[in-house]
Structure formats: C-alpha cells, structure tokens
Amino acid sequence: QRIKGLFYKSADVIVCNSKATFDLRAKKNEKAKFIPNATRVPHEPICSGYDSNIILLMARIARVKNIECAIRALTYLPDEMTVVLIGKVEDQTYAEELKTMVEELGVTDRFLFKGYSSDIAKDLAESFCTILPSWEEGMPNAVLESWAHERVPIVSDVPGNTNLVHDSQYVFPCDAPEVLAKRIMDLKACSKDEYEEACAKSRLYVERHHSIPAMIDKYEKMFESATS
C-alpha cells in the first residue's frame, strides 16, 4: 500500500480499467479516470452455439475464481452437458482439490480440465455459453471475449461482473450452484431465434463500448487532456 501511495502521489492521471476500482479510487483521488478494458471483435462470420452442450469456463485455477461452484452446478444439469475449463494453474493445491471434488461428485467425464488455450475463438465457437462464478472480479475479459464471439456469459453477482452484465437472468449468487444451473437451463430453453438474438446483441454492445478502437480513442483523448 505504501508503494502504491507513492505512485498515486506522483502520477498526473490514475487510469482504472474496472468500474469498481474507479469508484473506490475516485473517492480518494480526483486524478482517477475510468477507461474500461477492450477486446478484439472478430469480423469473420461466427457459428451459432445453439446446438452445443458445452459450457465454457475461462479462468485461471485460483480460489478467487470459485470453480467449485461450476463443478457442483453440473450435478443439477442434464448428463449431456459438459463444463470445459480453460486456464493456467495458479494454485496447484486448489487444482488438486478440484480434481478430487470432480471424482467425488461423479462428473469426471463432464468436467474437463483443458489447461491453457492459445485459441480462445475455437473454444468459444464450440460452446453454448460461458460462465464466470468468481468471488471477485475487476473488469472480466472473459465476459468481453464471450460477447465479442457471440456467446452469452452467465456470471456471479459480484460488482466487477454486474457492472457489465445488467440482465438478472444471466446473474446468480456466488454460493448457489443450483441457481447457476437454472440460468443455464433457462437459456437452453430459448428458441434458436431468441438465443441468437441475445448473442447478436452481446456482440453489438461490446463492439460499441469495448472494442480496441473505442479504447484507443479514450486513451488518446486522455493523453490530449493531460498534456494540454
């Protein structure tokens, strides 16, 4: 905290890439600016995930990501549904605990530890939706990437997530895997047209508010303001 304080004091501008961080920092320092994260929005056609039974969880393996909630949610979902976890191992002890939980709950063939992926677009193309059950988030790139690739993210009700996802039908309590499962099944119950409309709206939103050009434009305006 002391080191951060030195940086804050000497800075002309403090850029926050999450709304929660900005709200906290702005109370203490008027130099704070909010520029949200951005992601690349593909221009090529994106296939529909309507017929897929793969639920994608993009998260590093760390306790803050609350991955056990996703594992427990599988016990409330039909047998044909699978959760695929992609992300590097940050906490080996936690990773081992998760593997034990998967075995104890009898979902070893339905919860797949894929590890780090260098082709997020392919993983998203094969999925029906994405989930993010974290206990804490800043500005979650997983949500932005899901939207950009026309997939609906279903997220836990922490500020970092709900600052992005405003529709309550895609939000669930962190400690309620049964509600997470219900949110997934409610989305699965949509018609193909309804599902694809929700996906298309997500892509349009991120294209307008969280594209790389939009972020660059905000940084350029900030630099101009800081140097004028």
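Details
- Projected label distance in nm at E220 and T100, using a 7 Å step from Cα toward the beta-carbon: 5.4 nm
- Treating each Cα of the stretch 6-130 as an identical point scatterer and summing with the Debye formula, the log10 of I(q)/I(0) at q = 0.10, 0.11, 0.17, 0.22 Å⁻¹ comes to -0.48, -0.56, -0.93, -1.18.
- Checking (i) 33, 22, 15; (ii) 35, 19, 15; (iii) 30, 18, 17 against semi-axes √(5λ) of the Cα gyration tensor in Å calculated from these atoms, the matching label is (i).
- Over 21 Å (Cα to Cα) - which of K88/K188; K33/K218; K9/K218; K122/K218 fall in this group: K88/K188; K9/K218; K122/K218
- Checking every one of the chymotrypsin sites (Phe, Trp or Tyr not before Pro) in the stretch 105-211 against DSSP loop status and a limit of 15 other Cβ atoms within 10 Å picks out Y116, W135.
- Across the stretch 78-129, C-alpha contacts under 8 Å between residues 6 or more apart give a mean separation that, scaled by the residue count, equals a relative contact order of 51 percent.
- Contour minus Cα-Cα distance for T93 and E126 (0.36 nm per residue): 8.9 nm
- Förster radius 22 Å - calculated FRET efficiency between Y50 and Q169, Cβ distance, rounded to 0.05: 0.85
- Near V15, the amide H atoms lying under 5 Å from its own belong to K33; only residues 5 or more places off or on other chains count, and H is placed 1.01 Å from N.
- Couplings 3J(HN,Hα) of the stretch 46-56, computed from phi: 10, 6, 6, x, 4, 8, 7, 10, 9, 9, 9 Hz, in residue order, whole Hz [Karplus 6.51 cos²θ - 1.76 cosθ + 1.60, θ = phi - 60°; x for Gly and Pro].
- Relative pair counts by distance (%), Cα atoms of the stretch 164-228, 5 Å bins: 3, 14, 15, 16, 14, 12, 9, 7, 5, 4, 1
Each value in this text was obtained by applying a stated rule to the coordinates, not by laboratory testing. From a predicted model like this one, the values you see are computed outputs, not experimental measurements. Cβ: placed from backbone, ideal geometry, glycine included. Neighbour counts: every protein chain shown.
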